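Before any comments, here is the structure.
What follows draws every value from the coordinates through simple rules; no lab data is involved. Computed from a prediction, not measured in an experiment: that's the story for all the values here. Ideal geometry is used to build each Cβ from the backbone, glycine not excepted, and the neighbour counts take in all protein chains shown.
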Amino acid sequence: MYLLLVEDDLNLGKALCKLLREQFNVDWVRTLAAAQTRFPTAEYDVLLLDLGLPDGDGVGWLGELRAAGCLTPVLIISARDGLDERVKGLDTGADDYLVKPFEAGELLARIRVLLRRKAGSAQPRLAVGDLSYAADAHQFYLKDQPISLSPQERGILAVLVQAGGKPVSRERLLQQLYGLGDGVDSNTLEVRIHGLRRQLGRERIETVRGIGYRLVAL
């Protein structure tokens, strides 16, 4: 899964990146201008948005995103704990609001809820056929048996599972592997797909010509 963290506090940003990168691919920016540059060019699964930023208020930008038709789940993370601020953030289009300081476990749980909601499932596991993914444990299961995967393989497979059998573009999978602008080597994607097919069966991951790949329910 691919997250955008918009947080201007240097120490908090570093701590959140360390936490989140154990499970997710994360881009971190510290200003609205940087966020506005990143957001249109990448397919983020969740936006983590601070409100009090050096060059503006996150709520205003959130309103612009929603007005433009952006459906990306948004979790506001802010020290503004007043009822009016929380209501304003949610009414502007946030999917959730977490007041600082917060516990790491709660942040991760709220992100998992947003990812499940995006995938159209209320269940703690996402599944395509007999392949399932428990996001809380960051573990995949094939016919209820745990599968051992590399971090890159887990990242790719998580995106494919979340798509629910719909095609996923090569660009989206490459973003999951490397983040934005990190010198992508496209051959690595083919290597990881080959490794997944070797473990899961070649017929389970279908190449969609001109687009990318999709999971097949077996």
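Where Rh denotes the Kirkwood radius from the mean inverse Cα pair distance, what is Rg over Rh for region 125-215?
Working: Rg = 12.4 Å, Rh = 13.2 Å.
My calculation of the ratio gives 0.94.
Over the Cα atoms of the chain, compute the convex hull volume and normalise it per residue, giving Å³.
Cα-based convex hull of the chain, divided per residue, equals 123 Å³.
In nm, what is the difference between 0.36 nm times the number of residues separating R197 and R209 and their Cα-Cα distance?
Here the answer is 2.6 nm.
Cα-Cα over 30 Å: which of K14/K143; K14/K118; K14/K88; K118/K143; K88/K118?
Pairs exceeding the cut-off: K14/K143.
Which of the GluC sites (Glu not before Pro) across region 40-133 are loop residues per DSSP, with 11 or fewer other Cβ within 10 Å?
Those that pass, being in a loop and sparsely packed, are E103.
Can you pull the percent of Cα pairs in region 2-118 with separation above 17 Å?
Considering region 2-118, 50 percent of its Cα-Cα pairs are separated by more than 17 Å.
What share of Cα pairs, in percent, lie more than 15 angstrom apart in region 66-133?
60
Search the structure for amide H atoms under 5 Å from the amide H of Q139, placed 1.01 Å from N in the peptide plane, and list their residues when 5 or more places away or on another chain.
A134
Enumerate the amide H contacts of V26 below 5 Å, restricted to partners 5 or more residues apart or on another chain; note that Pro and chain-start residues carry no placed amide H.
Hits under the 5 Å cutoff: L3.
Quickly estimate the mean residue ellipticity at 222 nm for the chain, helices only: each DSSP H run with n ≥ 4 gives -39500 (n - 2.57), and the total goes over all residues, rounded to 500.
Details: 8 runs with 89 residues, N = 218.
It lands at -12500 deg cm²/dmol.
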